[in-house]
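**Q** Below is one structure. I have some questions about it.
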Amino acid sequence: FYRVRERCRAHGARLLVSSRHPPSYWRAADGVHLTAADLAAARTRPPLPLVAASCHDSSELERAGALGCDFAVLGPVRATPSHPQQPPLGWQRFAQQIALTPVPVYALGGLQPAHLPQAAACGAHGIAMLRHAWR
């Protein structure tokens, strides 16, 4: 963890740690990325510079807004090997679900750089990716 944090800082990047990790890691990083379960269980916003949330539907986005999250990711928009059991939202449902949230939302799930224009057209602030980020 500490080596990753130092690499991020050396390049001007901020580091968010998944809420699956101990809160001591959240505090040592720049913030936390709440799982959907931790978002649902949170009574207040963690007292950190950055708080993000994983969301799968409009009710979770509403919760992220009520908690004061800085941003959320919503997905999966497309089929993805990391969540094969979860049916994709598709772009139309993605756009409908983010339409009323005040929280900036990034599209997630089965995406690659070529999907950025479609995501922007649907109101996303950007895309989040894992597999295609390192190619």
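The values are calculated or read from the model by the stated rules, or taken from the named source; none is laboratory data. Source: prediction; values computed, not measured. Cβ coordinates were reconstructed from backbone atoms using ideal geometry, including for glycine residues, and neighbour counts include every protein chain displayed. Ligands, DNA and RNA are stripped out before the accessible areas are found, and what is left, the full protein with its side chains, is counted by its heavy atoms. Shrake-Rupley method; radii C 1.70, N 1.55, O 1.52, S 1.80 Å.
**Q** So between GLN85 and CYS8, what do we pick up on full extension, going 0.36 nm a residue minus the alpha carbon distance?
**A** 24.4 nm
**Q** A follow-up question, please. Carbon-plus-sulfur fraction of the accessible area of the chain, 1.4 Å probe, in percent?
**A** 55
**Q** Given the chain, what percent of its DSSP beta bridges are antiparallel, to the nearest 5?
**A** 0
**Q** Run the numbers on the chain and let me know its relative contact order in percent, using alpha-carbon pairs under 8 Å that are six or more apart.
**A** With pairs under 8 Å counted, the relative contact order is 15 percent.
**Q** Determine the equivalent ellipsoid of the stretch 20-72 by diagonalising the alpha-carbon gyration tensor, then write out the semi-axes as square roots of 5 times the eigenvalues, largest first, rounded to whole Å.
**A** Its equivalent ellipsoid spans semi-axes of 18, 11, 9 Å.
**Q** Can you tell me the convex hull volume per residue for the stretch 1-110, based on C-alpha atoms, in Å³ to the nearest whole number?
**A** Expressed per residue, the convex hull around the Cα atoms of the stretch 1-110 is 115 Å³.
**Q** Turning to a different aspect of this structure: Shape call for the stretch 42-104 from the C-alpha gyration tensor, a ≥ b ≥ c root eigenvalues: rounded (a/c under 1.5), prolate (a/b greater than b/c) or oblate?
**A** Judged from the Cα gyration tensor, the stretch 42-104 comes out prolate (a/c at least 1.5, a/b above b/c).
**Q** Turning to a different aspect of this structure: Please list, ordered by chain and number, the residues whose modelled amide H lies under 5 Å from the amide H of GLY126; skip anything fewer than 5 residues away on the same chain.
**A** ALA107
**Q** Relative to a virtual label point 7 Å from the Cα of GLN112 in the Cα→beta-carbon direction, which members of the stretch 68-87 show backbone nitrogen distances below 12 Å?
**A** none
**Q** Under a plain spin-label model, where a point goes 7 Å from the Cα along Cα-to-Cβ, how far apart in nm are ALA37 and SER58?
**A** Each label point lies 7 Å from its Cα, and together they span 2.7 nm.
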